[in-house]
Amino acid sequence: MRRIAGGLRVESRSEAGRDSGGSRRGSDASRSAAAAEERPGVSSSTPVPPSSSEVGGRRGPMARPGMERWRDRLALVTGASGGIGAAVARALVQQGLKVVGCARTVSNIEELAAECKSAGYPGTLIPYRCDLSNEEDILSMFSAIRSQHSGVDICINNAGLARPDTLLSGSTSGWKDMFNVNVLALSICTREAYQSMKERNVDDGHIININSMSGHRVLPLSVTHFYSATKYAVTALTEGLRQELREAQTHIRATCISPGVVETQFAFKLHDKDPEKAAATYEQMKRGVGSGLVGRS
Ligand SMILES: NC(=O)c1ccc[n+]([C@@H]2O[C@H](COP(=O)([O-])OP(=O)(O)OC[C@H]3O[C@@H](n4cnc5c(N)ncnc54)[C@H](OP(=O)(O)O)[C@@H]3O)[C@@H](O)[C@H]2O)c1
């Protein structure tokens, strides 16, 4: 996985306790699991240039100061079978976390788990097969996590997809696929993760939504319009979550990370009938020519 166009937009939306004296286990954003994508000193809504030790980079274990407190705690990463989710899962296992990685293609996560083990990373990756477009699957996963590992301390809502269904002639089923995973599954996982934290009095948990620059502006590219709408929803959901967490007087954090273009299977799924177009998208971005698929941040 390679990040191509410059940067990410990171919005840390926490804050219930920023001015009220800290949490049971601390509340400094720079010490959070979002360190996987955030860098210290980055303020809200600041575009972040690529890092030399970026998530999933293969530069060996990243000794990040402050990550020790997350050792042995549990992070759920949705969409861990490839792309950004696999990279995030790997980075967290490198930091000693117990990571439940879910997706439909569980064999990919099993391979990654074996890789992490043979690399001697201090954490563990636990593969879980889950179709996030099915609420029963999601609820069963949370219930398995509760019974086998106590609960979720960090929830990274990463799974997402784009289908080439335009507003004027796209299929309803394509829209539903995007809505179910990008919006509904993210909301269900958020609710369940919060409830899991609350019932165990975890006050320093973190919910991280992998958004997109498409959640902040609409490109003149019809095949991305519905996708963009789902990502605008993620922007609103993260802000709504921030407000509700604040009302609940918890120190649990809500963070929104908005990548620009990252070379994964994403465009190949968007253009599944035209893989050459998908490949060209990434090639153009690498050459610095805006393809219009995902803008430069
Ligand atoms: N790549 C980019 O340029 C880019 C830019 C901005 C934002 N993003 C966002 O980053 C996130 C990750 O994208 P990516 O680039 O890593 O894409 P990717 O390589 O296509 O990976 C998508 C992941 O989502 C999972 N997923 C999709 N539908 C699912 C379902 N019904 N149930 C369970 N898991 C499902 C996939 O697993 P299975 O298919 O195995 O189920 C896969 O693990 C997405 O939210 C995307 O919108 C990507």
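Structural remarks
- Residue that is modelled with the highest pLDDT, among those in region 257-273 that are more than 6 Å from the ligand (Cβ to nearest atom) and assigned to a loop (DSSP other than H, G, I, E, B): G260
- Test result for A229, farther than 26 Å from A89 by Cβ, within 16 Å of the ligand (Cβ to nearest atom) and in a helix (DSSP H, G or I): yes
- Pairs meeting the criteria (first residue in region 124-141 and under 12 Å from I188 (Cα atoms), second residue within 8 Å of the ligand (Cβ to nearest atom) and assigned to a helix (DSSP H, G or I), beta carbons under 8 Å, at least 6 apart or on different chains) are L132/N180; L132/V181; L132/A185; S133/D177; S133/N180; S133/V181; S133/A185; I138/A185.
- Any hit, region 234-248, residues being in a loop (DSSP other than H, G, I, E, B), modelled with pLDDT of 95 or more and surrounded by fewer than 21 Cβ atoms within 10 Å (Cβ to Cβ): yes
- Only one of G120, G85, G101, G41 that is at pLDDT 95 or above and within 18 Å of C256 (Cα to Cα): G85
- So K269, is it open to solvent by 50 Å² or more (accessible area, probe 1.4 Å), in contact (Cβ under 8 Å) with a residue 24 or more places away in the chain and either under 16 Å from the mean Cα position of the chain (by Cα) or closer than 19 Å to Y282 by Cα (or both): yes
- Pairs with Cβ under 9 Å, 6+ apart, first in region 197-208 and over 7 Å from R253 (Cα atoms) and of a type in the set (K, R), second open to solvent by 10 Å² or more (accessible area, probe 1.4 Å) and at pLDDT below 95: R200/S150
- Selection count where residues are under 21 Å from A193 (Cβ atoms) and within 16 Å of the ligand (Cβ to nearest atom), scope region 60-82: 7
- Per this entry, M178 is counted among residues that are surrounded by 20 or more Cβ atoms within 10 Å (Cβ to Cβ), closer than 23 Å to S81 by Cβ and hydrophobic (A, V, I, L, M, F, W, C).
- Of residues in region 154-165 being open to solvent by less than 10 Å² (accessible area, probe 1.4 Å) and within 15 Å of T78 (Cβ to Cβ), the one farthest from the ligand (Cβ to nearest atom): I154
- When A279 is tested against the conditions (1) surrounded by fewer than 16 Cβ atoms within 10 Å (Cβ to Cβ); (2) more than 15 Å from the ligand (Cβ to nearest atom); (3) in a helix (DSSP H, G or I), the lone failure is (2).
- Selection from region 208-227 of residues that are small (G, A, S) and surrounded by 22 or more Cβ atoms within 10 Å (Cβ to Cβ): S212, S214, G215
The values are calculated or read from the model by the stated rules, or taken from the named source; none is laboratory data. As the structure is a computational prediction, the values presented were derived from the model and not from experiment. Please note: Cβ atoms are built from the backbone with ideal geometry, for glycine as well, and neighbour counts cover all protein chains shown. Side chains are part of the model used for accessible areas, which takes the heavy atoms of the whole protein and leaves out ligands, DNA and RNA. Shrake-Rupley method; radii C 1.70, N 1.55, O 1.52, S 1.80 Å.
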